[in-house]
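The values are calculated or read from the model by the stated rules, or taken from the named source; none is laboratory data. Because the structure is predicted, anything quoted here is derived from the model rather than measured. Heads up, the Cβs are rebuilt from the backbone with ideal geometry, glycines too, and the neighbour counts pull from every protein chain shown.
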Amino acid sequence: MDPLIYWVGMAAVAVSAVTGVLEAGRKPIDLFGMVLVALASALGGGTLRDVLLDRPAFWIADQTYLVCALMAGVMTFAVVRLLTLPRNLFLIPDAIGLALFTVVGTQIALLYEVPWLAATFLGVVTGVFGGVLRDMLSNEVPVVFSGELYGTAAWAGALLYVGLSAAGAAPGLAAGLAFACIVVVRLAAIRWRIMLPTFSSRQ
Amino acid sequence: MDPLIYWVGMAAVAVSAVTGVLEAGRKPIDLFGMVLVALASALGGGTLRDVLLDRPAFWIADQTYLVCALMAGVMTFAVVRLLTLPRNLFLIPDAIGLALFTVVGTQIALLYEVPWLAATFLGVVTGVFGGVLRDMLSNEVPVVFSGELYGTAAWAGALLYVGLSAAGAAPGLAAGLAFACIVVVRLAAIRWRIMLPTFSSRQ
Amino acid sequence: MDPLIYWVGMAAVAVSAVTGVLEAGRKPIDLFGMVLVALASALGGGTLRDVLLDRPAFWIADQTYLVCALMAGVMTFAVVRLLTLPRNLFLIPDAIGLALFTVVGTQIALLYEVPWLAATFLGVVTGVFGGVLRDMLSNEVPVVFSGELYGTAAWAGALLYVGLSAAGAAPGLAAGLAFACIVVVRLAAIRWRIMLPTFSSRQ
């Protein structure tokens, strides 16, 4: 596999383990629960992508990901207990993790010759599912359902990546622009409370 | 694959996307949430079947299903916003989707040489799991747990299909009779409130 | 496959179907719901392990497991309706099922040449996931999150198995010691209310 994809994925795993612990750390939770939330957050999205693609979960073939998630989780846990951190600190690494996972998930789907529309959905699944599991295990309403653009930001970035690739852009450039697109849209949506309009039928 | 199975599956996908939007449309939900519910409802059951059978999700190899679910969802959304629809309209397409998916799920399992009892369970999984996801995402109690015969109707139809096939019936005939069995049992169960008896032990 | 692993797995399936019915039997639940809970409890953990390992669910290739779970469930159901059973009887077979599944899950992962740390997590998944599904379907807080050592006991046993195997112990001996370790730790944790300390950061 392309080393760029490999290390981008590893960074996304570490960042997402950090967000898992930052969120779980606000609850009374025991050490095993903390490990569980960190692993679910870090590995959940890529695992669902691999299951849908019919290949073994990525952390089974290469347990470096598992070690990386555990170490990032434990280090964050130590820091969180020493320092008082701002309440919504986890929103920024969460946006970065969302962007990294969405881009790498879309790349892997295209490597497996998945058609373009399905590939963007696999990118979104990779991006959002770890956070959904993390929030469910922490008894929070999943951030993906909670208002500001989240899945929509991921989908926009995945579509941008597919479009740039089809237009012949270099892989690194397409990935960088798609990453920036997702982070900017997500953080702007949080900052200015941008949401999709909500509809309700007349039933 | 047999064109009959292919088009029956496509019809089930469209019908289930419709039921997803009809149910989600009664809640305040944004456009991304609507797409999510329509896709989960339309693709969830077949996806779980494929995962258990260890093959790639059916909408990855052939994204016609994905396009079909998206188009059926968007068209239903437009109709729902223009017309006032009766409250429980979605129960009838839901029964049809249940029947189509159960039959096609059982057929695919048998094509993969799954033993007969396991094949009927894969049929039931294909039939009910999309609706379970749809109801969970819409914050409803899943219809499969809510009283009138639902999973039981699907299982009866799957067993009928397996029995007729073993007895040498033509595939189209067996499929048609199993489909009719599920729709009739489900709609009769709704009409006359037929439920399995509920037990509770003396513990 | 090794007959020892095969029959240990079969025993774990039967025991877990029993715990499913014992727990579901305390609720008003219909016969189809009872079958569903018994199957989810008996087959859920091994199914998730197989999905992650990218092989077909074990009860699809060999439906003996399915028949075994159904028969154990129905027999327990009959007994539960005839006798008044002590309230927490299901905790002991649950500990046995946890131990059996964890050991067999770890063994199967190692057979598939999964690296050791990932293999212990697959063992824990096999051990706890059926119970998580059972408790969710019965509207109980999953026992794995509820205080006394549960997942931790399973992980300890899986690590012991991996360690003994690496040290050259006979497979039967390693499996027996790991099994005993999990049952003893779990039952001792229930008896003396042993829990991991709970942390909460200062956020």
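Remarks
- Test result for C:Leu48, of a type in the set (A, V, I, L, M, F, W, C), part of a loop (DSSP other than H, G, I, E, B) and either under 20 Å from the mean Cα position of the chain (by Cα) or over 26 Å from C:Val125 (Cβ atoms) (or both): no
- Matching residues in the stretch A:183-200 - criterion: being within 14 Å of chain B (Cβ to nearest Cβ) and surrounded by 17 or more Cβ atoms within 10 Å (Cβ to Cβ): A:Val185, A:Arg186, A:Ala189, A:Leu196, A:Phe199
- Extreme residue, surrounded by the most Cβ atoms within 10 Å (Cβ to Cβ), among residues of the stretch C:11-23 that are within 12 Å of the chain's Cα centre (by Cα) and over 18 Å from C:Leu122 (Cα atoms): C:Gly20
Condition check ((1) of a type in the set (D, E, K, R); (2) on the phi < 0 side of the Ramachandran plot; (3) at pLDDT 75 or above) across all residues:
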| position | (1), (2), (3) |
| --- | --- |
| B:Ala119 | no, yes, yes |
| B:Gly123 | no, yes, yes |
| B:Phe129 | no, yes, yes |
| B:Leu137 | no, yes, yes |
| B:Val144 | no, yes, no |
| B:Glu148 | yes, yes, yes |
| B:Thr152 | no, yes, yes |
| B:Ala156 | no, yes, yes |
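Residues checked against (1) among the hydroxyl-bearing types (Ser, Thr, Tyr); (2) in a helix (DSSP H, G or I); (3) farther than 30 Å from C:Arg55 by Cβ:
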{"site": "A:Val15", "(1), (2), (3)": "no, yes, yes"}
{"site": "A:Val37", "(1), (2), (3)": "no, yes, no"}
{"site": "A:Pro56", "(1), (2), (3)": "no, no, no"}
{"site": "A:Ala78", "(1), (2), (3)": "no, yes, yes"}
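- Scanning the stretch A:32-55 for residues that are among the hydrophobic types (A, V, I, L, M, F, W, C), without any contact (Cβ under 8 Å) to a residue 40 or more places away in the chain and at the interface with chain C (Cβ under 10 Å from one of its Cβ atoms) yields a count of 4.
- Test: residue in the stretch B:42-58 that is aromatic (Phe, Trp, Tyr) and at pLDDT 90 or above: yes
- Within the stretch A:81-124, the residues that satisfy the criterion of being within 22 Å of A:Val185 (Cα to Cα), of a type in the set (A, V, I, L, M) and touching a Gly at 6+ places or on another chain (Cβ under 9 Å) are A:Leu98, A:Ala99, A:Leu100, A:Val103, A:Val104, A:Ala119, A:Leu122, A:Val124.
- When residues of the stretch C:115-129 are limited to those that are over 13 Å from A:Ala57 (Cα atoms) and hydrophobic (A, V, I, L, M, F, W, C), the one nearest to the other protein chains (Cβ to nearest Cβ): C:Leu117
- Subset tally (residues that are surrounded by fewer than 23 Cβ atoms within 10 Å (Cβ to Cβ) and either over 21 Å from A:Val132 (Cβ atoms) or free of Cβ contacts under 8 Å to residues at least 24 places away in the same chain (or both)) for the stretch A:58-67: 5
- Of the residues contained in the stretch B:75-92, one or more are found to be over 30 Å from C:Gly46 (Cα atoms), within 18 Å of the chain's Cα centre (by Cα) and within 9 Å of chain A (Cβ to nearest Cβ).
- Selection of the stretch A:24-56 for residues being buried (at least 22 other Cβ atoms within 10 Å of the Cβ) and either closer than 16 Å to A:Asp94 by Cα or in contact with an Asp or Glu (Cβ under 6 Å, 6 or more places away or on another chain) (or both) yields A:Ala24, A:Gly25, A:Val37, A:Ala38, A:Leu39, A:Ala40, A:Ser41, A:Ala42, A:Leu43, A:Gly44, A:Gly45, A:Gly46.
- Flag if B:Phe58 is at negative phi, more than 9 Å from chain A (Cβ to nearest Cβ) and of a type in the set (Phe, Trp, Tyr): yes
- Of the residues making up the stretch B:68-96, those that are without any contact (Cβ under 8 Å) to a residue 24 or more places away in the chain and within 18 Å of B:Val143 (Cβ to Cβ) are B:Pro86, B:Arg87, B:Asn88.
- Residue check for A:Val125: touching a helix residue (DSSP H, G or I) at 6+ places or on another chain (Cβ under 7 Å) and closer than 20 Å to B:Tyr65 by Cβ: yes
- Filtered residue count, the stretch A:159-168, keeping only those that are at pLDDT below 95 and buried (at least 17 other Cβ atoms within 10 Å of the Cβ): 1
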